[in-house]
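See structure below.
All of the numbers you see were taken from the coordinates with simple rules; none came from a lab. All values reported here derive from a predicted model rather than from experimental measurement. Positions of Cβ are backbone-derived with ideal geometry, glycine not excepted, and every protein chain shown enters the neighbour counts.
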Amino acid sequence: MITCHCNIITEREIVEAIEGLLDEDCWQLIVPIKVYRALEKRGKCCRCFPNVVDIIIRTTEEYHARMSHGGGADLLVFREKLMQLRNHYVGGMDERQRKGNRAA
């Protein structure tokens with residue numbers, strides 16, 4: 001499934017980039033710009049960033065669930081940080097849009 005239409009980036013490519021970043025440092029805070037830098041791309045319209053944040057959260061949780069041996073307390077703190085990041089990006093989605101504006 002294509003997540004970023006501007007750069008033609010699929011969800012699978014994003015997941016692979018996230019897993020590569022997590023292999024380097026499993027507790028780093030991954031943001032969309034890090035993922036795009038790993039893919040050697042840059043955000044153009046950045047409307048895909050909320051979806052990328054959702055993919056980051058899901059992929060990070062799955063990664064840590066695979067690597068965890070019952071240490072779920074660290075995962076909860078990390079999830080809270082990711083949710084704050086997600087809320088930061090979702091907060092301004094109505095910016096510069098008129099009522100009734102449709103994407104398609």
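One table, with the values for the structure above:
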item	result
Positive-end residue, the stretch 1-74 charge dipole about Cα centroid, Cβ charges, pick of Ile18, Pro50, Ala38	Pro50
Placed amide H near Cys4: partners under 5 Å, 5+ positions off or other chain	Ile9
Radius, Kirkwood style, for the stretch 26-67 when every pair of distinct Cα atoms is counted (Å)	11.0 Å
Relative contact order (%) - criterion: Cα under 8 Å, at least six apart; region: the stretch 11-70	45 percent
Among 79-85, 4-10, the order from most to least packed when residues are scored by Cβ within 10 Å on average	4-10, 79-85
